[in-house]
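Data block below; observations after.
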Amino acid sequence: MKFPFFSLFSLCAGVALFTAACSSDSSSNAENAEISEQTTPSGESPVAEPTSSSADVPAISSEAENPSTANSSATDMSGSRDAESNANDIASSSSGITSSGNISSESNPGESPYLWHDEFDGDNIDSEKWTFEIGTGASGWGNNEWEYYTDRKENAYVQDGILHIRATKEDYEGSKYTSARMITKGKFSFTYGTVEARIALPVGKGIWPAFWLLGQNIDAVSWPACGEIDIIETVNSENIVYGTNHWANGSEYATYGNNTGSYRDQKFELDVTQFHNYKFTWDEKYIRMFVDDFMYHEILIENSTGDTEEFHKPFFFILNVAVAGNWPGFEVDDSQFPNEMLVDYIRVTQ
């Protein structure tokens, strides 16, 4: 989730689209691709009227219903399956995982069940796994966000085995709010696998937390050609989790997403402020997202259908909490601060 810009696109093939931008780290890509996972043209709400896209996109798998209308609330391609059928669906073949950067011996299957993981134990955030992006980014990380990202313990810290990413109301470096944005770029990236995370999310007017991925090659090809995968995004006080893909469909920008509010004629009721188990499965055929075994997003990428070749390359993780922006809007309830995203663990397996 979190790079700026948020806008909706609908595709003729019955695909509901919505935008969310991604951005490279502030130190190396501030001018050419500082788009956060949330992206919308300036002044346009992500739930604004959809615009058409000319390219064919994969939308959902052949097993799913083909939605015929775009929904303005960020990914209204609804539908879902029960836990039993989900379990059958997620037997994904994840060979071909790649990693880059400072990966420890835990990537050796003989020594650890994980390709990569962070349990957030100890007293500090692991600098061998995470880097902080600093500042306001270009145009508020492309989304006109209001926060200033720092690497201070006031905004990101580990306590009792839990990572806290804290958004705070304070005057800092010309901004009225501070928060944190952590990435694994240059330290860990992977292609195909299963990600499991236990996360509790903040809610409040103007708040926008996210757990998402960007293509490792963003500095070379920029966004959206690098691809973006938003596993978790929530906005304001909604108890709805959004999952979305963004990519370059030829010369067009393409996006496709769904959410827990209505997916395949089912709705998953959840309190996002409580810890839930989020799962992301990714193989040569499908990308799928689950919360507590409820599938809320699926996209077919087999043979790069719909020009989805981006999703067969390495991606890195991003965790952040934004304040205001094109998607949540520009009304902020200051009484909510400090407001925190809590992460118990993130685990990647083949």
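If the condition is being open to solvent by 10 Å² or more (accessible area, probe 1.4 Å) and not small (Gly, Ala, Ser), then region 217-248 contributes 217, 219, 221, 223, 224, 236, 238, 239, 240. Residue 279 meets all of the listed conditions (1) open to solvent by less than 30 Å² (accessible area, probe 1.4 Å); (2) closer than 15 Å to residue 230 by Cβ but one, namely (1). Run down 267, 285 and say which single residue is open to solvent by 50 Å² or more (accessible area, probe 1.4 Å), in contact with a helix residue (DSSP H, G or I) (Cβ under 6 Å, 6 or more places away or on another chain) and either farther than 28 Å from residue 220 by Cβ or touching a residue at least 12 places away in the same chain (Cβ under 8 Å) (or both). After ruling out the rest, the residue left standing is 285.
If you check residue 185 against the conditions, is it among the basic types (Lys, Arg), open to solvent by 10 Å² or more (accessible area, probe 1.4 Å) and part of a loop (DSSP other than H, G, I, E, B)? Judged against the criteria, residue 185 is a match. The set of residues in region 327-349 that are more than 16 Å from the chain's Cα centre (by Cα) and not aromatic (Phe, Trp, Tyr) comprises 329, 331, 332, 333, 334, 335, 336, 338, 339, 340, 344, 349. Listed conditions (1) closer than 17 Å to residue 318 by Cβ; (2) modelled with pLDDT of 95 or more; (3) not aromatic (Phe, Trp, Tyr) are all met by residue 99, apart from (2).
Listed by position, the strands (runs of 3 or more DSSP E) enclosed by region 106-182 that each have at least 2 residues that are touching a residue at least 40 places away in the same chain (Cβ under 8 Å) are 116-118, 147-149, 162-172, 175-179.
Taking region 205-216 as the range and being touching a Ser or Thr at 6+ places or on another chain (Cβ under 9 Å), assigned to a loop (DSSP other than H, G, I, E, B) and buried (at least 20 other Cβ atoms within 10 Å of the Cβ) as the test, only 216 passes. In contact with a Lys or Arg (Cβ under 6 Å, 6 or more places away or on another chain) and more than 30 Å from residue 283 (Cβ to Cβ), is that true of residue 155? Answer is yes for this residue. Cβ separations smaller than 6 Å between residues 6+ apart or across chains give the following pairs from region 296-317 residues that are farther than 20 Å from residue 348 by Cβ to residues that are of a type in the set (Asp, Glu) and surrounded by fewer than 18 Cβ atoms within 10 Å (Cβ to Cβ): 306/56. Those residues that are among the acidic types (Asp, Glu) and either modelled with pLDDT under 95 or closer than 22 Å to residue 200 by Cα (or both), I need them from region 134-174; list them, please. Within region 134-174, 145, 147, 151, 154, 160 qualify.
Mind checking which residues of region 122-137 are farther than 16 Å from residue 185 by Cβ and of a type in the set (S, T, N, Q)? Of everything in region 122-137, those that are farther than 16 Å from residue 185 by Cβ and of a type in the set (S, T, N, Q) turn out to be 124, 136. Only residues that are open to solvent by less than 40 Å² (accessible area, probe 1.4 Å), over 16 Å from the mean Cα position of the chain (by Cα) and under 18 Å from residue 223 (Cα atoms) were counted in region 305-325, giving 2. Would you pick out the residues in region 131-154 that are open to solvent by 20 Å² or more (accessible area, probe 1.4 Å) and hydroxyl-bearing (Ser, Thr, Tyr)? Within region 131-154, 131, 136, 139, 148 meet the criteria. Taking the conditions (1) over 24 Å from residue 289 (Cβ atoms); (2) part of a loop (DSSP other than H, G, I, E, B) in turn, residue 235 satisfies each one other than (1).
The values are calculated or read from the model by the stated rules, or taken from the named source; none is laboratory data. Being a predicted model, the structure only gives us computed values, none of them experimental. With ideal geometry, Cβ positions are generated from the backbone for all residues, glycine too; neighbour counts draw on all protein chains shown. Just so you know, the surface numbers come from the protein's heavy atoms only, side chains and all, with ligands and any DNA or RNA stripped out. Shrake-Rupley method; radii C 1.70, N 1.55, O 1.52, S 1.80 Å.
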